[in-house]
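**Student:** Below are the structure tokens for one structure; questions will follow.
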Amino acid sequence: MRLIFGACLAALAASPALADYWNYNDWHAATEPHVTEQDSYLSCRAWTGGDGDPILALEVFSGDAGPPAAYPMAQVQEYAARHYPTMMQQGGTVDFIFDFDRTFSIAAGINSRINEEGLAEAESVLRFQDHVPMLQAMKQGRWVEIWAGNDMVYEASLSGFTAAYGKMMDECGFSLALPAG
């Protein structure tokens with residue numbers, strides 16, 4: 001039995017580093033180490049959605065510039081089933097509408113493409129000046145609706161967002177503080 005246990009420990013020690021993963025209500029956070037001969041860094045990600053729904057996510061890298069020079073960008077990622085288009089289309093915009101103030105919204109452009117497997121995928125792209133207001137609204141809200149034209153692409157719960165964001169930023173060595181809004 002000790003031999004099997006020892007073999008398992010040796011195999012784990014020899015394998016590449018595994019990602020760490022945390023759940024916070026409807027949000028998740030994970031880190032993944034990247035090591036090359038020239039560099040080593042940690043990618044840190046927080047997200048909700050998936051399993052057929054779009055994904056609302058943020059990602060930072062420990063080697064990047066962080067706050068206050070740059071804040072992570074919230075991004076919607078949509079993946080369509082084979083032979084179907086995404087709801088988010090190239091050249092369009094998505095609007096993020098929050099529960100706490102239906103008159104407040106943030107718009108983002110859309111990049112869409114067909115991937116190597118022939119599947120349609122799309123992602124939102126916030127303007128740089130909208131990164132902090134988006135994070136502030138996500139911390140304040142309970143949910144956000146994501147609209148492409150007259151179609152709601154996804155309604156994302158923000159339950160657990162603040163904890164997942166904090167874990168992501170802390171693991172990559174960045175400040176959790178946001179400027180006052």
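Read the figures in this text as sums done on the coordinates, not as results from a lab. This structure is a prediction, so every number in the text was calculated from the model and none was measured. Cβ: placed from backbone, ideal geometry, glycine included. Neighbour counts: every protein chain shown.
**Student:** Cα atoms only, segment 62-130: Rg and Dmax in Å?
**Tutor:** According to the Cα coordinates of segment 62-130, Rg and Dmax are 14.7, 43 Å.
**Student:** What whole-number volume per residue, in cubic angstrom, does the convex hull of the C-alpha atoms of the chain give?
**Tutor:** Details: hull volume 29.9 nm³, N = 181.
Cα-based convex hull of the chain, divided per residue, equals 165 Å³.
**Student:** Regarding segment 80-179, what is the average projected area of its C-alpha convex hull, in nm²? Spell out each step's value before the answer.
**Tutor:** Details: hull surface 31.1 nm².
Taking a quarter of the hull surface, the average projection is 7.8 nm².
**Student:** While we're here: Would you mind giving the average projected area, over all directions, of the Cα convex hull of segment 15-62 in nm² with one decimal? Intermediate results must be reported in sequence, preceding the final value.
**Tutor:** On the way: hull surface 17.1 nm².
Its average projected convex-hull area is 4.3 nm².
**Student:** A further question on this structure: Put +1 on the Cβ of each Lys and Arg and -1 on the Cβ of each Asp and Glu in the chain; which of T103, Y84, G141 then has its Cα farthest toward the positive end of the dipole?
**Tutor:** G141
**Student:** Which is the longest run of the chain containing none of the trypsin sites (Lys or Arg not before Pro) found in DSSP loop states (not H, G, I, E, B) with at most 11 other C-beta atoms within 10 Å? List each step's numbers first, then the result.
**Tutor:** Values: sites that count: R82, R142.
Result, exposed sites excluded: 1-81.
**Student:** What number comes out for the charge environment of I110, summing +1 per Lys or Arg and -1 per Asp or Glu over other residues with Cβ under 15 Å away? List each step's numbers first, then the result.
**Tutor:** On the way: positive: R113, R127; negative: E78, D95, E121, E123, D130, D151.
Cβ neighbours under 15 Å give a net charge of -4.
**Student:** At most 16 other Cβ atoms within 10 Å and a DSSP loop assignment: could you name the chymotrypsin sites (Phe, Trp or Tyr not before Pro) in segment 11-103 that fit? Can you show the working numbers first?
**Tutor:** Numbers: sites: Y21, W22, Y24, W27, Y41, W47, F61, Y79, F96, F98, F100; in loops: F100.
Taking segment 11-103 and a limit of 16 other Cβ atoms within 10 Å, the loop chymotrypsin sites (Phe, Trp or Tyr not before Pro) found are F100.
**Student:** While we're looking at this one, here's another question. What share of all Cα pairs of segment 29-98, in percent, falls into each consecutive 10 Å distance bin?
**Tutor:** Values per bin, smallest distances first: 16, 37, 31, 15, 1.
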